[in-house]
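Notes for the one structure printed next.
The values are calculated or read from the model by the stated rules, or taken from the named source; none is laboratory data. Just so it is clear, the model here is predicted, and its values are computed rather than measured. Counting neighbours? That spans all protein chains shown, and the Cβs are built from the backbone with ideal geometry, glycine included.
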């Protein structure tokens with residue numbers, strides 16, 4: 001049988017597949033699949049054993065596992081010890097360090113439960129946020145679950161759900177991100193829900209980002225059109241409008257990050273489109289968050 005590794009970067013829903021073929025073990029064993037990331041940041045990795053269902057099993061729903069990994073930049077540092085009257089270090093110490101400007105959460109708290117006969121795995125990356133934000137985040141998680149249950153009603157082949165929840169503090173704002181991954185054989189569904197709280201615990205809307213005189217609706221709709229055309233996704237005008245009206249966003253240190261609702265890219269995959277805007281692209285004068 002074969003095995004497949006699917007790697008998705010959070011800001012690029014176009015996955016990379018790495019295959020290991022002609023495996024001959026039918027007992028416990030180890031498998032190595034080599035994957036080279038092409039960008040930094042969080043990645044969702046899903047390993048699927050026997051993706052083509054070549055081996056007849058009594059349970060075909062437990063052949064995949066999803067986890068998150070963080071890819072960071074690597075830099076070489078040269079540490080030169082100070083020279084004093086009684087010590088001289090001619091040979092500097094070389095070391096390798098990793099860094100990233102993005103939020104790096106703590107070790108997640110994992111939970112497994114059965115919901116409507118399905119396995120629901122939750123990883124929560126805890127951080128120090130106000131209790132009011134934690135409480136509101138739990139409410140939003142329940143709202144997301146109800147949305148996913150509707151998807152599951154129409155797609156009974158998905159028997160395992162993987163949910164990842166994390167917070168990131170950017171100045172006075174707190175980003176909440178909830179990622180949902182559904183995997184069944186060769187079918188994939190990925191949804192990303194983003195919310196931003198201000199320092200009082202209020203959830204920001206698109207109108208809260210931009211000054212009243214700025215036509216942000218036209219900007220975002222045009223970007224959605226360009227992104228779908230670039231990825232050869234054919235949508236109706238009503239579908240384009242729906243995606244533009246329901247954009248979710250996060251505030252990063254130098255940019256705004258938007259995600260759409262999941263889009264049916266082909267018969268086996270549904271995932272969102274990501275949009276990035278640097279602050280200076282929009283114009284600081286057009287952003288209300290700097291008032």
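Just to be sure before I move on: is residue 195 farther than 22 Å from residue 6 by Cα, surrounded by 17 or more Cβ atoms within 10 Å (Cβ to Cβ) and touching a helix residue (DSSP H, G or I) at 6+ places or on another chain (Cβ under 8 Å) in the structure I sent?
Details: farther than 22 Å from residue 6 by Cα: yes; surrounded by 17 or more Cβ atoms within 10 Å (Cβ to Cβ): yes; touching a helix residue (DSSP H, G or I) at 6+ places or on another chain (Cβ under 8 Å): yes.
It is true that residue 195 is farther than 22 Å from residue 6 by Cα, surrounded by 17 or more Cβ atoms within 10 Å (Cβ to Cβ) and touching a helix residue (DSSP H, G or I) at 6+ places or on another chain (Cβ under 8 Å).
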Kindly provide the set of residues from the range 278-291 that are in a strand (DSSP E or B) and at pLDDT below 90, ordered by number. 278
Based on what the data block shows, is residue 122 surrounded by 18 or more Cβ atoms within 10 Å (Cβ to Cβ) and within 30 Å of residue 266 (Cβ to Cβ)? yes
If you check residue 157 against the conditions, is it part of a helix (DSSP H, G or I) and under 20 Å from residue 270 (Cβ atoms)? no
Is it the case that some residue within the range 239-246 is surrounded by 14 or more Cβ atoms within 10 Å (Cβ to Cβ), closer than 27 Å to residue 133 by Cα and modelled with pLDDT under 90? no
Condition check for residue 184: in contact with a strand residue (DSSP E or B) (Cβ under 7 Å, 6 or more places away or on another chain) and in contact (Cβ under 8 Å) with a residue 12 or more places away in the chain: no
Within the range 129-146, tally of residues that are without any contact (Cβ under 8 Å) to a residue 40 or more places away in the chain and not in a helix (DSSP H, G or I): 0
Could you please find all residues in the range 196-218 being part of a helix (DSSP H, G or I) and either touching a strand residue (DSSP E or B) at 6+ places or on another chain (Cβ under 8 Å) or more than 29 Å from residue 137 (Cβ to Cβ) (or both)? 206, 209, 216, 218
Evaluate the following for residue 210: is it surrounded by 19 or more Cβ atoms within 10 Å (Cβ to Cβ) and more than 18 Å from the chain's Cα centre (by Cα)? yes
Residue 232 - would you say it is on the phi > 0 side of the Ramachandran plot and surrounded by fewer than 17 Cβ atoms within 10 Å (Cβ to Cβ)? yes
Given the conditions (1) surrounded by 10 or more Cβ atoms within 10 Å (Cβ to Cβ); (2) modelled with pLDDT under 85, every one holds for residue 147 apart from (2)
Determine if the range 59-75 includes at least one residue that is modelled with pLDDT of 75 or more and either at positive phi or loosely packed, with under 14 Cβ neighbours inside 10 Å (or both). yes
Any residue at all in the range 260-273 that is part of a helix (DSSP H, G or I), within 21 Å of the chain's Cα centre (by Cα), closer than 27 Å to residue 167 by Cβ and modelled with pLDDT of 90 or more? no
